[in-house]
């Protein structure tokens, strides 16, 4: 099987990799998701027993009549925001005691017992389609969303007619309860809209009113019989949805029948000052009662506030404020709380310097660590991820014991450390650590289960097997370094067959190049596509310039009010530095290709630096930043009404007449993230300027193609386009 086909059918070799781990309170059992083999899209739910290493399949979608073609629109939207192209069970929740798990398939809800002898999945008689079912902490109820209403069903059937009951339903034409709006899910990584209280007596629920949000329409020309789908899209400078928060009691069926639906208790804060709602969660106060905690952010994203609220009265108090003259980054995993009630937070000391992990007022991470996330809090232990200073391509874990006052890097199990860094991720509970490792020394992912992780008696019980396919591709031939005066993280990928002294190779630059994504990583899996392109006769060059994560706050914020010049200048600088280092690069033949922000950067390159870049392929590119969403775009460029010159400088519409190099634009017609209008308007501008170009519209495709045939052929078409047009470049 060819590599393009294999990569497409395996979803970039992610099918078969264990993921979505949950750990029992005693650390003795681990549940996870994984396909049965490397091309099995019907993801199953499994359980691993720590002591014996036994693995059992708990739920197999193929045996439950799953139909991934018949998903509710809300679930499709959730998966698009999560970039989830898998099928079967893609998410699940467990109760606090780890006795039950709940998941959804094709809008139906199932639960499975995690203890006892009868572990057969059982379907709950919910109102369908059901979206985002979540089990209560006690494991006796499931809350879910149905047509914008939040409902609760008791798991045990006592014959009560109100076993499945509505807690709250839409109170307006454009209102939903319990679902995340587009910008919360796409840009804040908040995929959910309701949260169980620790005692299971109530839910915190978000209310979203999109009445004032732009109504756009996304249609598939391949299906002319279908009406275009309306999309509420808050473009830069326009109205956001009105997002509110309330606490709703969860009555028993008897109380529900007697008293009717509970009245929501509104949680009020200054939403004029702080309209965004990035996180919501609960903690238990010193008195043992549940306390609601949430963060709210200003529209200019210079202020992030942490609030606590009394769920009975709705009384709110601000407990912490983070401010920045540029923007406050939303950091994963916080806020959280230790068992002793101390706040776990990521912030900058006094609003300056690098980010640190704080427990209370104490910084527990060193100033030599680029902090990425708090991975988990287990009692008074805090697990966080980051990169050692000067090593942005590595991602490591640190485990801090806040009572003992210790903090140390998490080591790999004895005999498995290659000494070459790599990417490490984990999950911790009951002092059992599930540790995943990716490296340049092997292909794929290794998953270890370690008990007593915070002690000197830590014990590795074994591995949870990955059944992912092995790429039919030579081992990646990669050199990484920090390029130029700015020390830009850079990687060069050469063909396996290339030898010193052979004719120089045309260069293919393959950036993402923008915020929140890195491509220069110390893991083989990061370079599989690049190695395949290299095998076609290219020297592939990848550079993570200013704006990308991994280096530092100043590096990330260097794109403030300019998403064009710094990112493009760093691609050019990396190319020039590589050419000085290596004789194998023919810089008279340079192509560039990328997707999303990388697509924007590719189009930008041939439009503004045609003397350097000779051909470009731009996939799903942002062309006009006024067409992209509020939270992302305004963070970097401000409001378009106030900074017209900034938007003009970063957008590409006015550059159309400058095009003098071959440009291919690829775009999904039903993309609801970077809408097709970007490519359509650019093509119209190029046509009006008399500039030839190529447009490849993808019918039925969203922001990234999931269909294996489409994904495979896209690689082949890009290679043909790049090769053909580099033949005519100077020096070819």
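Points to keep in mind about this one:
- Selection count, the stretch 653-676, where residues are within 15 Å of residue 628 (Cβ to Cβ), surrounded by fewer than 22 Cβ atoms within 10 Å (Cβ to Cβ) and in contact with a helix residue (DSSP H, G or I) (Cβ under 6 Å, 6 or more places away or on another chain): 1
- Condition check for residue 647: within 22 Å of the chain's Cα centre (by Cα) and buried (at least 21 other Cβ atoms within 10 Å of the Cβ): no
- Scanning the stretch 279-290 for residues that are in contact with a strand residue (DSSP E or B) (Cβ under 8 Å, 6 or more places away or on another chain) and surrounded by fewer than 19 Cβ atoms within 10 Å (Cβ to Cβ) yields 281, 283, 284, 285.
- The condition (being free of Cβ contacts under 8 Å to residues at least 60 places away in the same chain and more than 20 Å from residue 436 (Cβ to Cβ)) is satisfied by just one residue among 386, 351, 333: 351.
- Within the stretch 626-645, tally of residues that are within 23 Å of residue 665 (Cα to Cα) and either assigned to a strand (DSSP E or B) or touching a strand residue (DSSP E or B) at 6+ places or on another chain (Cβ under 9 Å) (or both): 5
- Test result for residue 701, within 27 Å of residue 213 (Cβ to Cβ), touching a strand residue (DSSP E or B) at 6+ places or on another chain (Cβ under 9 Å) and at pLDDT below 95: yes
- With respect to the stated conditions, residue 151 fails to be closer than 30 Å to residue 24 by Cβ, part of a loop (DSSP other than H, G, I, E, B) and at pLDDT 95 or above.
- Just one of the listed residues (108, 83) is more than 21 Å from residue 195 (Cβ to Cβ) and within 24 Å of the chain's Cα centre (by Cα), and it is 83.
- In this structure, residue 234 does satisfy being over 16 Å from residue 307 (Cα atoms), surrounded by 18 or more Cβ atoms within 10 Å (Cβ to Cβ) and touching a strand residue (DSSP E or B) at 6+ places or on another chain (Cβ under 7 Å).
- Residue list for the stretch 131-171, restricted to those being farther than 21 Å from residue 264 by Cα and out of contact with any helix residue (DSSP H, G or I) (no Cβ under 9 Å at 6 or more places or on another chain): 138, 139, 140, 155, 156, 157, 159
- The stretch 439-494, residues that are at positive phi and out of contact with any helix residue (DSSP H, G or I) (no Cβ under 9 Å at 6 or more places or on another chain): 452, 462, 487
- Condition met for residue 172 (assigned to a loop (DSSP other than H, G, I, E, B), in the same structural domain as residue 107 (by TED's automatic domain parsing) and touching a residue at least 40 places away in the same chain (Cβ under 8 Å)): no
- Qualifying residue in the stretch 682-705 (condition: free of Cβ contacts under 8 Å to residues at least 40 places away in the same chain and at positive phi): yes
- Residue in the stretch 373-389 that is part of a loop (DSSP other than H, G, I, E, B) and within 25 Å of the chain's Cα centre (by Cα) present: yes
- Just one of (1) in a strand (DSSP E or B); (2) within 30 Å of residue 188 (Cα to Cα) fails for residue 515. It is (1).
- Here residue 84 qualifies as in contact with a helix residue (DSSP H, G or I) (Cβ under 9 Å, 6 or more places away or on another chain) and within 26 Å of residue 429 (Cβ to Cβ).
- Check on residue 233, in the same structural domain as residue 143 (by TED's automatic domain parsing), at pLDDT 95 or above and within 16 Å of residue 702 (Cα to Cα): yes
- Test result for residue 610, part of a helix (DSSP H, G or I) and more than 30 Å from residue 217 (Cβ to Cβ): no
- Out of 53, 27, 38, 16, sole residue that is part of a loop (DSSP other than H, G, I, E, B), within 15 Å of residue 467 (Cβ to Cβ) and touching a strand residue (DSSP E or B) at 6+ places or on another chain (Cβ under 7 Å): 16
- Residue satisfying condition, being touching a helix residue (DSSP H, G or I) at 6+ places or on another chain (Cβ under 8 Å) and under 29 Å from residue 5 (Cβ atoms), within set 619, 700: 619
- Residues of the stretch 300-342 that are touching a strand residue (DSSP E or B) at 6+ places or on another chain (Cβ under 9 Å), under 20 Å from residue 380 (Cβ atoms) and in a loop (DSSP other than H, G, I, E, B): 333, 334, 335, 338, 339, 341, 342.
- Members of the stretch 573-604 found to be outside any helix (DSSP H, G or I) and in contact with a helix residue (DSSP H, G or I) (Cβ under 8 Å, 6 or more places away or on another chain), listed by number: 585, 587, 589, 590, 591, 592, 593, 594
- Residue check for residue 499: in a loop (DSSP other than H, G, I, E, B) and touching a helix residue (DSSP H, G or I) at 6+ places or on another chain (Cβ under 8 Å): no
- Consider the stretch 458-474 and keep the residues that are touching a residue at least 12 places away in the same chain (Cβ under 8 Å) and outside any loop (DSSP other than H, G, I, E, B). The one that is surrounded by the most Cβ atoms within 10 Å (Cβ to Cβ) is 461.
- For residue 199, the conditions (1) under 30 Å from residue 668 (Cα atoms); (2) touching a strand residue (DSSP E or B) at 6+ places or on another chain (Cβ under 9 Å); (3) not in a strand (DSSP E or B) are fulfilled apart from (1).
- For the stretch 193-216, the set of residues classified as surrounded by fewer than 17 Cβ atoms within 10 Å (Cβ to Cβ) and either within 24 Å of the chain's Cα centre (by Cα) or within 23 Å of residue 83 (Cβ to Cβ) (or both) consists of 216 only.
So that you can scan it fast, the table gives a plain yes or no per residue for (1) surrounded by fewer than 21 Cβ atoms within 10 Å (Cβ to Cβ); (2) within 29 Å of the chain's Cα centre (by Cα); (3) under 20 Å from residue 483 (Cα atoms):
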| residue | (1), (2), (3) |
| --- | --- |
| 559 | no, yes, yes |
| 572 | yes, yes, yes |
| 592 | no, yes, yes |
| 603 | no, yes, no |
| 619 | no, yes, no |
| 640 | yes, yes, no |
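- For the stretch 98-107, the condition of being part of a loop (DSSP other than H, G, I, E, B), under 30 Å from residue 39 (Cβ atoms) and modelled with pLDDT of 95 or more holds for none of the residues.
- Every residue from the stretch 390-417 that is in a strand (DSSP E or B) and under 22 Å from residue 480 (Cβ atoms): 395, 396, 397, 409
The values are calculated or read from the model by the stated rules, or taken from the named source; none is laboratory data. Since this is a predicted model, take the numbers as computed values, not measurements. Virtual Cβ from ideal backbone geometry, glycine too; neighbours counted across all protein chains shown.
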